Amino acid sequence: MKLPFFLAKRFVAGESFDQAIPKVEQINSKGIHVTLDLLGENVDDRATADDTVRSYIKLLNDINEAGLDSTISIKLTMLGLDIDREYCRNNLFELLDTARETDQFVRIDMEGSDYTQPTIDLFKEAHNEYGSHVGIVLQAYLYRTEQDVAELAEMGADVRMCKGAYSEPKDIALQKMDDIRQAFKQYTKVLLEKTPYPRIATHDDELIDWVQGYVDQKNISPDNFEFQMLYGLRQQTMEDFVANGYNARIYVPFGTMWFPYFKRRLMERKENIWFVLSTLFQK
Ligand code: FDA
């Protein structure tokens, strides 16, 4: 059974690019950058993965034509990572050819831990070929991130740091919020020190306050990093960031395959469930 879209509209900008455009324009008008995510994951047939490559390429061209200030975020499982690694690599490189031609940027989102190693491997290959047109995400809750962040920082990679959104077992991932916050701070320090422009993705005031204090103390210019948040959450905070001289970017998902993304948002914060319930009463 497919749930009606209005349930997800707090977190998802529309079921099509055209529906998302006015939302992106509204965000851009506040001086906030965007990254658009055409929703979907775990494609298991080549025809769908081929279609997805074409859709992503079209999205890059449409963003330029619409004059939006937006990059894109993608998932390798939508480009065929579950089907065949080389096939996925070719799809990624085809997309990045367009990104380079149109002077655009593609962020590879990080998925569940089964995909961490292949995602990092493919990112490294892509980074060697496409440099600043491609970036990756690291998740603070994974133990392995300590090594990954050191290695990727040494390469000068463009990294988004987040806590991690998937349910991971305790032998590979921190489970307590305090420990995850500590790890997040430790890795963010490395990124701020060694990479050109880290992306700090969190809605957590404890982490935001810490970042602001740390960059002040170390005299790191606000031009050297950005805060990122998800569509539908804390836009006023993002507007305040811009007013105070920080760079800010909102991750704007859209598309018909919104359910897994929507479910992750509900699972991570009980207030998000209340937002959805209140939508029901507004109908
Ligand atoms: P969390 O939900 O842990 O909340 C901590 C505290 O922050 C709360 O107790 C509250 O005080 C405050 N807070 C949170 N939300 C709030 C709100 N709406 N209003 C007011 N206060 C609030 N994950 C992944 O695995 N792979 C990925 O590629 C990405 N990509 C990504 C991009 C972007 C731009 C963001 C912001 C996040 C991701 N994530 C992700 C998701 C990420 O890993 C994580 O699951 C969520 O951001 C939730 O963690 P937070 O640190 O944001 O707050």
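Listed here are the residues, each with its yes/no results for (1) of a type in the set (D, E); (2) in contact (Cβ under 8 Å) with a residue 12 or more places away in the chain; (3) closer than 19 Å to G135 by Cβ.
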position	(1), (2), (3)
E25	yes, yes, no
N28	no, yes, no
V34	no, yes, yes
N42	no, yes, no
L59	no, yes, yes
D62	yes, yes, no
A66	no, yes, no
S70	no, yes, yes
S73	no, yes, yes
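Provide a single number: the residues in the stretch 68-90 that are touching a strand residue (DSSP E or B) at 6+ places or on another chain (Cβ under 8 Å) and surrounded by fewer than 17 Cβ atoms within 10 Å (Cβ to Cβ).
1
Is it fair to say L59 is of a type in the set (A, V, I, L, M) and within 21 Å of E125 (Cα to Cα)?
The answer is no for L59.
Residues checked against (1) surrounded by fewer than 16 Cβ atoms within 10 Å (Cβ to Cβ); (2) of a type in the set (S, T, N, Q); (3) free of Cβ contacts under 8 Å to residues at least 60 places away in the same chain; (4) part of a helix (DSSP H, G or I):
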| residue | (1), (2), (3), (4) |
| --- | --- |
| L207 | no, no, yes, yes |
| D223 | yes, no, yes, yes |
| F227 | no, no, yes, no |
| G232 | no, no, no, no |
| D240 | yes, no, yes, yes |
| G245 | yes, no, yes, no |
| R265 | no, no, no, yes |
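Return the only residue of L92, L152, L96 being farther than 23 Å from V34 by Cα, at pLDDT 95 or above and among the hydrophobic types (A, V, I, L, M, F, W, C).
Testing whether each residue is farther than 23 Å from V34 by Cα, at pLDDT 95 or above and among the hydrophobic types (A, V, I, L, M, F, W, C) leaves just L152.
Criterion first (among the small types (G, A, S) and free of Cβ contacts under 8 Å to residues at least 12 places away in the same chain) does A20 satisfy it?
Spelling it out, it is not the case that A20 is among the small types (G, A, S) and free of Cβ contacts under 8 Å to residues at least 12 places away in the same chain.
Scan the stretch 152-179 for residues that are part of a loop (DSSP other than H, G, I, E, B) and near the ligand (Cβ under 9 Å from one of its atoms) and report the count.
4
Quick test for you: out of Y214, Y261, Y246, pick the one residue that is within 12 Å of the ligand (Cβ to nearest atom) and of a type in the set (S, T, Y).
On inspection, the qualifying residue turns out to be Y261.
Among the residues of the stretch 101-132, write down those that are part of a helix (DSSP H, G or I), away from the ligand (no atom under 15 Å from the Cβ) and surrounded by 18 or more Cβ atoms within 10 Å (Cβ to Cβ).
Scanning the stretch 101-132 gives A126, H127, Y130.
Can you name the number of the only condition in (1) crowded, with 18+ Cβ neighbours inside 10 Å; (2) more than 11 Å from the ligand (Cβ to nearest atom); (3) under 20 Å from I250 (Cβ atoms); (4) among the aromatic types (F, W, Y) that Y187 fails?
Here Y187 clears every test but (3).
Kindly check whether there is at least one residue in the stretch 16-24 that is assigned to a loop (DSSP other than H, G, I, E, B) and hydroxyl-bearing (S, T, Y).
Checked against the condition, which is being assigned to a loop (DSSP other than H, G, I, E, B) and hydroxyl-bearing (S, T, Y), the stretch 16-24 yields at least one hit.
Does the stretch 242-258 contain any residue that is under 15 Å from F11 (Cβ atoms), β-branched (V, I, T), at pLDDT below 95 and under 22 Å from the mean Cα position of the chain (by Cα)?
The answer is yes, given that some residue of the stretch 242-258 is under 15 Å from F11 (Cβ atoms), β-branched (V, I, T), at pLDDT below 95 and under 22 Å from the mean Cα position of the chain (by Cα).
Can you report the number of residues in the stretch 210-231 which are among the aliphatic types (A, V, I, L, M) and either touching a Gly at 6+ places or on another chain (Cβ under 9 Å) or farther than 20 Å from Y251 by Cβ (or both)?
Matching residues across the stretch 210-231 total 2.
Look at the stretch 162-194 and say how many of its residues are under 18 Å from S113 (Cα atoms), within 19 Å of the chain's Cα centre (by Cα) and of a type in the set (K, R).
1
Tell me whether the stretch 134-146 contains one or more residues that are under 25 Å from K58 (Cβ atoms), not polar (S, T, N, Q) and not in a strand (DSSP E or B).
Checked the stretch 134-146: no residue is under 25 Å from K58 (Cβ atoms), not polar (S, T, N, Q) and not in a strand (DSSP E or B).
Every residue in the stretch 40-70 that is in a helix (DSSP H, G or I) and of a type in the set (A, V, I, L, M), please.
Correct list: A47, A49, V53, I57, L59, L60, I63, A66.
Could you list all residues from the stretch 1-60 that are farther than 27 Å from G245 by Cα, more than 16 Å from the ligand (Cβ to nearest atom) and acidic (D, E)?
Those that are farther than 27 Å from G245 by Cα, more than 16 Å from the ligand (Cβ to nearest atom) and acidic (D, E): E15, D18, D44, D45, D50, D51.
The values are calculated or read from the model by the stated rules, or taken from the named source; none is laboratory data. Given the structure is predicted, the values throughout are model-derived calculations rather than measurements. Cβ: placed from backbone, ideal geometry, glycine included. Neighbour counts: every protein chain shown.
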